[in-house]
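The structure appears right after this line, and notes come after that.
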Amino acid sequence: MQAEHDVAIQDTDRLEGRAALVNNVKAAVALAGAVRSTLGPRGLDKMLVDGGGGSLVTNDGVTVIETAKVEHPTARLLISASSSQDRAARDGTTSTVVLTAELLQNSLELVRMGVHPSTIISGYLLAEKEAVSELERISRRVDSPDEMKSVVSTTLAGKISSSLASHITGIALEASEIISEEEGGDDLERLRVKRLEVGGGLSTESTLVKGLMIAKTRVDIGTPESSMGGSVAIIDGGLENAKLEMEAEIEVNSLGVLKGFHERSIANLKRSIDHISSLGVTLLIVREGISDEAVSIISDSGITAYRRFERSDLELLSKITGARIIRDPLRISEEDLGVFTNRREQPIAGVTYTTIEGPEKGALTVVFRGTSPQVREEAVRAFDDAMGVSFRMVRDPRVVPGGGAIQTHLARHIRSFALGNPGREQLAIEAYAAALEVIPRTLAENAGLDPIDVVLDLSAAQASDLDNGSWIGLDAMTGKKSRMDERGIFDPLFVTSHSISGSTEAAISVLRINDVLWAKQDPTTPDWKDEEDQED
Ligand code: ADP
Ligand code: MG
């Protein structure tokens, strides 16, 4: 590698490009090395220790690399590819990093053979297009609720215990069904499903609440603790006394002015509350504060009130009750009011929680139990994966075989596709096919099996079954090759497809950096001759 720095002057551009590529590939491979052992159900946990001595045990690739303090620009590019996978598909983050690094490593081999980066880029793009369309061809729709459950729990395999995985999967699927008919994009599952951590209990006691649950208690404990329903108003502001902004302007001796101001402000509060009360409101939710004076007026009007709600909680409540969020209490009209069907308060582990339910669907709370914050956070992360996947699955229920089956199939398919693309791009397409096999290889390695044997074995088994060969993969739990549909090991199509495209895109952007550095060289000029001279 040193030879790449000791170079003849006329080749400086090209060689700087290559030195940069070597460097970039090293960074990518190092990052992939940090997460590859977590891939699959037999992946190992990583313990992350931060500067302050805090620690976190996780099996989640994206958590590992987002926590790592990485400076290298290529490594950061991989991290952003993995975060984008997380945002778009909510799963497949480790696979994305591992595949990107492998695509880069294989491209480095080609560069060493004298293939120009821009040739590699166009070969990779051809291969990606073919891979994505083949993926769609192989995919099929899930055909039963049980299969749906298998898909979602496959995404949790190895992350948490299987009893918790099955519990969390059940909650995620139920929640997805409740919000699936709503209008909106993929972010609905984040916006409309509140995650609430509640201390104590077992994580398998986590539950779904069809309403809003929040760590709050009513402003006046003299008002009823629970209610079987009524009319609710939501105010995006406060019910506080007006403040004197320019105190200095009021002279000390003008006590009367001050008193008058105070009285007017209470009269205003009373006017607002009387107005709300005249509409028949029994439950009042306020984003900001409620002053002591207002509290007593509200209670006297027979209204139960809560203050200091987060904006996101107000929105959930608005969804559940149908109430509109209104800034000015005096402007609330009858059609802005919503309906709640139940409100109750309960103390759990020393904290009071309020639950408000309403007739409308479309928003809910998932309550995570667990004795330590670490246990609860891990459950929330697992739920995030399960929820992200199940919500998207409800909208696009197509799956491909997991356990390395689909990548083994794609590698075989793309190798034969390469034959139809003679020329230098063919080498790049073949390198792309080989890179895909990093997934079955790594799954095998993490299951303690010989990666080469497994890949050869899978490939041969697939080739000999013309009908369903592409569904034969590795069951990492038994260590045997099997039909993935029979074992319930599926990956959602959108996860695999986004991961393949995202990895290709990330690898290509690294290659482009080198392409720019190489710009002076004509891509059609073969350069492997002087390459060999230098390496000797
Ligand atoms: P990612 O962050 O990429 O989702 P995971 O650690 O979740 O990483 O591993 C996902 C991979 O594990 C997928 O390729 C999936 O098909 C595979 N997988 C899941 N369960 C099994 C299993 N029982 N046997 C083999 N592979 C499995
Ligand atoms: Mg996963």
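Values as computed for the structure displayed
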item	result
Sum of -39500 (n - 2.57) over DSSP H runs of 4+, divided by residues of the chain (222 nm, nearest 500)	-17000 deg cm²/dmol
Per-residue SASA entry for residue 413, accessible area with 1.4 Å probe, Å² rounded to 10	50
Beta bridge orientation in the chain: antiparallel %, DSSP, nearest 5	65
Given 159/361; 129/149; 194/319; 26/481; 159/216, the pairs whose alpha carbons are separated by over 21 Å	159/361; 129/149; 26/481; 159/216
GluC sites (Glu not before Pro) restricted to the stretch 420-515 and DSSP loop, no more than 12 other C-beta within 10 Å	none
0 to 90° range, to nearest 10: angle between helix 93-112 axis and the chain longest Cα axis	30
Calculated SAXS-style log₁₀ I(q)/I(0) at q = 0.08, 0.13 Å⁻¹ - the chain, Debye, Cα scatterers	-0.66, -1.18
Alpha-carbon centroids, the stretch 133-159 and the stretch 474-516: separation in whole Å	14
10 Å Cβ shell holding at most 16 others, DSSP loop, trypsin sites (Lys or Arg not before Pro): longest site-free stretch of the chain	70-242
With Cα atoms, 0 to 90° folded angle of helix 145-156 axis to the chain main axis	80
Nearest 10 degrees, 0 to 90: helix 162-179 Cα axis against the chain principal axis	60
Restricting the stretch 176-235 to GluC sites (Glu not before Pro) in coil, as DSSP defines it, with at most 12 other Cβ within 10 Å	181, 183
Rg/Rh ratio calculated on Cα atoms of the stretch 170-234 (Kirkwood radius)	1.02
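The values are calculated or read from the model by the stated rules, or taken from the named source; none is laboratory data. Keep in mind the model is a prediction, meaning the values are calculated, not measured. Cβ coordinates were reconstructed from backbone atoms using ideal geometry, including for glycine residues, and neighbour counts include every protein chain displayed. Please note that ligands, DNA and RNA were not included when accessible areas were found on the heavy atoms of the full protein model with its side chains. Shrake-Rupley method; radii C 1.70, N 1.55, O 1.52, S 1.80 Å.
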